[in-house]
Amino acid sequence: MSYAQVLRTYMDALGRSDYVTIARLFAADGKVRSPFLGEMAARPFFDRLAEASEANVITPIDIFLSESGAPDAVAYFQYDWTVKDGSLITFKVMDLFRFAPDSDQITYLDIIYDTHPIRDSHGNKYESPL
């Protein structure tokens, strides 16, 4: 699969809340860095996302591929995220993907978005209320 195909598969699977498909896109030692959760292994990250989510709607905006030949690509999309308490959180996100050399396996995902409006209006939706 090309990098662009991997990103389209990722966005499609995220929109269907298909975390099994997403996990398969990552190398066994793949990692994710999230503004809310920090850096962690990919599979536990997507397990946490699944636990926090009720539904996802993904509206792709664009895909960017490295001009330098680096194994990097970016998915830019709008994320309409319904969390377990029923809150709808909408934001634009740029997910920066790094791939294993000569492979379509994702080794690193850096999730980039502005958390300030989300934290102000909705709090941290990855943590259970006490």
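Go through region 10-42 and give me each residue that's aliphatic (A, V, I, L, M) and either exposed (fewer than 14 other Cβ atoms within 10 Å of the Cβ) or more than 24 Å from D62 (Cβ to Cβ) (or both).
V20, A23, A27, A28, L37, M40, A41 - these are the residues of region 10-42 that are aliphatic (A, V, I, L, M) and either exposed (fewer than 14 other Cβ atoms within 10 Å of the Cβ) or more than 24 Å from D62 (Cβ to Cβ) (or both).
Cβ-Cβ distance below 8 Å, separation of 6 or more or different chains: which pairs start in region 10-38 with a residue that is at positive phi and end on one that is among the β-branched types (V, I, T) and in a strand (DSSP E or B)?
Close Cβ pairs (under 8 Å, with a partner that is among the β-branched types (V, I, T) and in a strand (DSSP E or B)) do not exist here.
Report yes if I111 is at pLDDT 90 or above, β-branched (V, I, T) and within 13 Å of the chain's Cα centre (by Cα), otherwise no.
yes
Kindly evaluate I89 against the criterion of being of a type in the set (A, V, I, L, M, F, W, C), touching a helix residue (DSSP H, G or I) at 6+ places or on another chain (Cβ under 7 Å) and surrounded by fewer than 16 Cβ atoms within 10 Å (Cβ to Cβ).
Here the answer is yes, as I89 does meet what is asked.
The values are calculated or read from the model by the stated rules, or taken from the named source; none is laboratory data. Because the structure is predicted, anything quoted here is derived from the model rather than measured. Glycine gets a Cβ as well: all are built from the backbone with ideal geometry, and neighbour counts include every protein chain shown.
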